[in-house]
Amino acid sequence: MTQHEPLQRLIAGGRQAEAQRMLASMLRDRPDDIGLWRTQLRLAVSAGRMDDALVASRRVTEIDATDAVAWAQLGSLEQLVGRLDRAEKALRRAVELLPDAAHLIKLANVMRQLGRAQEALSLLRQASQLKPELAAAWQSRAEVALDLQLYSEAEDALRKALLVAPERPASRYQLGLALQGQDRLEEACDQFDLAYAQDRHHYGALANALQLRLRLSRWDGLGSLLGALRDAISTGIPGLPVDLPGLDRDDPGLQRQAGEQQAEQLLRALRRDYPDGIARPSRTLPEQPRVALLWIGQAARAFRRQLAGLLAQLDPVQAGWLLYTDQATAAELLNADLPGCGARFDITGWDHHRLAHQLIDQGVDLLIDAGGWTEGALSAALALRPAALQLAWLGHGGSSGAPWIDYLIGDPGVLIAPERDYYSEHWLQLPHCHLPADRTPVLSQLASRVSVGLPAGGFLFMNLGGREKLHPDLWQAWL
């Protein structure tokens, strides 16, 4: 029996807590055992302990600095938590040691996230030349070429990707975009048709095929495509426009009604794709629940500085919250010094399916959403119920009307008792103020009255409170 066999038996038997205790003891005795550190890395990743995973991954590279795969693993972990500069360094080391296509593609993805598309394209050219039978290399190269409007190169790369993997609707769709960029509209329309034929849920291909038919006065298949588009809108497919007046109104009853309609449409679409759901059927909150903040969407962006102030003050031992955000919402939070943040995930470009599975894999018990129904949020991920308890906070004013939101966090100043019946969520009333304050505000240059269309002089009346605070008696008090 080897020294590692008892540990491996515990892991194979699902006795993770015992395995972790044994592993910690073994590492104290043998801190340079690379096999133990690799096991620690695997356990930490599977449990969602990203900080522990990073420590283990770095230790593996310290023990064997010539292991290209270890450097690539470290780079992928650093990218996952949003530390792109460190990810770049680790992946460059992996490429130096072993310049294979997989490592080049990973490094190119980081370069793309950093906004260095030309460097990413150069790496992907190398990858596709090294391994021309790898469809992912051609596909990634085409995506970056499209970003740079290099439509001819994108077309060539996509045709090569389709030779290797002809049943990829995403490649067909992007080939249509490349052809459209070259004003070859008839050919582009044919590719959009093929993409939609391969994947009836590829609504981007459907919409583009319809748009080009109208531009080209091409009527073949128009009726069936229009019917498919009507069906898509009627089932509330995420990403397609749905006309629901009320979500932007200052009427709590109308807002709840509109939210419930939106939620029902979204659930109808999700039931078709996930008839049995994706979360575990029975879940209870542990004594120390794993908390995650979902900070994406237009509304969440408005409160990013308040969140930074809060996470900077929290005790890292007591908090250790996971933060999920994207570049558009709060790019600055991904690399900021936030002691209360256990791990950060850059979810730029993620869809609701990937996010929901990530939350489940991380073992999130309590999920706090700041996006609501606002632009850029991923409401469909919450609708899949990845966490045992799901709360809304800050971003979306009023009721969401969504059955997957259990609690709404507020205070007596924003959650008004007479309006209680207009909310689908339970109320979680904080005693003072639900809005965290940033102790280190940075004030931008003040705008002049004239620059925002106001008279240069005179007294300016302004209501910065809720609608219930603006009424005739208060107006008279002002006057």
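Please treat every number below as a calculation from the coordinates, not as lab data. Nothing here was measured: the structure is a model prediction, and the numbers come from that model. Note that each Cβ is placed from the backbone with ideal geometry, even for glycine, and that neighbours are counted across all protein chains shown.
How do Ile63, Ile11 rank when sorted from fewest to most other Cβ atoms within 10 Å of their own Cβ?
Details: Ile63 16, Ile11 20.
Final ranking by Cβ density, sparse to dense: Ile63, Ile11.
Tally Lys and Arg at +1 and Asp and Glu at -1 over the other residues with C-beta under 13 Å from the C-beta of Leu212: what net charge comes out?
Working: positive: Arg184, Arg213, Arg215, Arg218; negative: Asp183, Glu186, Glu187, Asp190, Asp193, Asp220.
Once positives and negatives cancel, what remains is -2.
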- For segment 292-435, size of Cβ-based charge dipole, Lys and Arg +1, Asp and Glu -1, in debye: 120 debye
- Query: Which residues' amide hydrogens lie under 5 Å from the amide hydrogen of Ile405, considering only partners 5 or more residues apart or on another chain, with H built in the peptide plane?
  - Reply: none
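What does the charge count around Leu322 come to, taking other residues whose C-beta lies under 14 Å from its C-beta (Lys +1, Arg +1, Asp -1, Glu -1)?
Values: positive: Arg49, Arg290, Arg344; negative: Asp51, Asp52, Asp346, Asp361, Asp365, Asp369.
Charge balance near Leu322 sits at -3.
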- Query: Residue by residue through segment 92-100, which ³J(HN,Hα) values in whole Hz follow from phi under the Karplus form 6.51 cos²θ - 1.76 cosθ + 1.60 (θ = phi - 60°), with glycine and proline marked x?
  - Reply: 5, 5, 4, 5, 4, 6, 8, x, 8
- Message: For a Förster distance of 41 Å, can you work out the FRET efficiency between the beta-carbons of Ala165 and Val55, rounded to the nearest 0.05?
- Response: 0.60
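Which net charge results when you count Lys and Arg as +1 and Asp and Glu as -1 among the other residues whose beta-carbon is under 15 Å from that of Leu163? The partial results should precede the final answer.
Numbers: positive: Lys131, Arg141, Arg159, Lys160, Arg168, Arg172; negative: Glu133, Glu155, Asp156, Glu167.
Around Leu163, the charge tally is +2.
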- Query: At a Förster radius of 35 Å, what calculated FRET efficiency corresponds to the Cβ-Cβ distance of Glu332 and Asp64, to the nearest 0.05?
  - Reply: 0.50
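Taking the number of other C-beta atoms within 10 Å as the exposure measure, put Phe345, Phe459, Phe192 in order starting with the fewest. All intermediate terms of the calculation are to be shown ahead of the outcome.
Numbers: Phe345 23, Phe459 6, Phe192 29.
Lowest count first: Phe459, Phe345, Phe192.
Sort Trp393, Trp350, Trp404 so the one with the fewest other Cβ atoms within 10 Å of its own Cβ comes first. Don't jump to the answer; show the numbers that get you there.
Details: Trp393 24, Trp350 17, Trp404 21.
Starting with the residue having the fewest Cβ neighbours, the order is Trp350, Trp404, Trp393.
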- Query: Separation of segment 74-148 and segment 17-55 by C-alpha centroid, Å?
  - Reply: 28 Å
